[in-house]
Each structure stands twice: as C-alpha cells, then as structure tokens.
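Values quoted throughout were computed directly from the atomic coordinates according to the rules given, and no laboratory measurement underlies them. As the structure is a computational prediction, the values presented were derived from the model and not from experiment. Here the Cβ positions follow ideal geometry from the backbone for every residue, glycine too, while neighbour counts run over all protein chains shown.
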Amino acid sequence: MIRGIRGATTINSNTENEIVEKTLQLVEKMIQQNEIKSEHVAQVIISVTDEITAAFPAKALRLLNGWEYVPVMCTREVPVPGSLPFCIRVMMTVNTKTAQKEINHIYLYEAKKLRPDLVKEN
C-alpha cells in the first residue's frame, strides 16, 4: 500500500545551516517514528514558505545514508495571508503495510499549530 507521511517544522532564521539542520531533524524523526527504509520511499516533496531562500531543504536528505537514489523535489507553499511563516513541510510517499490511522505524522516547533490533532508528544 502506498501512504503519504506528513511532517512540518519551522526555522528561526533564513540560514543554510538552520534550514538543513531542522529539515534533517524532521526527516530523521519521520523515518524513526514510521520505521521507513529508503528503498520503500517513492518520492519526497518538500515545500517552503516565501521567507525561506537560503538553501534547498532537500540538501538534508542527501546527508542520510542510503537516500541518494530517493527522488526529492522542493517547491513553494501557496502564500496565504496569515499562514505560518518560516515553515518547511515534507510529504513522503512510502510503500508500507501500516494502516492510514497508524501513520505517525510529525510536527515540530511552531508547526505543531498546523495539525494539533495529529501531534503526539514523545
């Protein structure tokens, strides 16, 4: 079965280091909480809000062992007035036997406001 696994985080400053660091932290938690193996990932789409311009968050995935062949694409979020700024969102498409309601979607920092119904404190 193919499932989408969502994740989001926020950064405090538009720097390459923070963009890559916070994206890596988010993706590593998504991998751990959902027991994801890179060979089961069909694609990863990462979106950013307009304030994020210092680096491609996809760079973080290239730091992960075994993820060099996973297709990753970055895009821009729709700039809706009042939306959460400095936000990085990840949609990972994965082959898994896990039921939809058992997927662990990960929201960190200010991004917890996006889906408080899905936030699980660990």
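Residue pairs whose Cβ atoms lie under 8 Å apart, sitting 6 or more positions apart in sequence or on different chains, and linking a residue in segment 13-25 that is under 19 Å from residue 105 (Cα atoms) and in contact (Cβ under 8 Å) with a residue 40 or more places away in the chain to a partner that is surrounded by 15 or more Cβ atoms within 10 Å (Cβ to Cβ) and among the aromatic types (Phe, Trp, Tyr), are 22/109. Restricting attention to segment 57-73 and to residues that are part of a loop (DSSP other than H, G, I, E, B) and hydrophobic (A, V, I, L, M, F, W, C), the residue that is surrounded by the fewest Cβ atoms within 10 Å (Cβ to Cβ) turns out to be 64.
Does any residue of segment 33-40 turn out to be of a type in the set (Asp, Glu) and surrounded by 12 or more Cβ atoms within 10 Å (Cβ to Cβ)? No: zero hits.
Just to verify a result, which residue in segment 30-56, among those that are part of a helix (DSSP H, G or I) and over 12 Å from the mean Cα position of the chain (by Cα), is farthest from residue 120 (Cα to Cα)? Working first, answer last.
The first filter runs over segment 30-56 and keeps only residues part of a helix (DSSP H, G or I), leaving 30-34, 38-40.
Narrowing further to those that are over 12 Å from the mean Cα position of the chain (by Cα): 32-34, 38-40.
Numbers: 32: 14, 33: 11, 34: 13, 38: 24, 39: 26, 40: 24 Å.
By that ranking, first place goes to 39.
Return the residue satisfying two criteria in turn: it lies in segment 41-53 and is surrounded by fewer than 18 Cβ atoms within 10 Å (Cβ to Cβ) and in contact with a strand residue (DSSP E or B) (Cβ under 6 Å, 6 or more places away or on another chain), and of such residues it is farthest from residue 73 (Cα to Cα). Checking each candidate, the answer is 42.
Looking only at residues of segment 5-29 that are under 11 Å from the mean Cα position of the chain (by Cα) and not in a helix (DSSP H, G or I), we find that the one that is surrounded by the fewest Cβ atoms within 10 Å (Cβ to Cβ) is 6.
Under 7 Å between Cβ atoms, which residue pairs at least 6 apart in sequence (or on different chains) link something in segment 80-104 that is loosely packed, with under 10 Cβ neighbours inside 10 Å with a partner that is among the hydrophobic types (A, V, I, L, M, F, W, C) and in a loop (DSSP other than H, G, I, E, B)? Correct list of pairs: 97/1.
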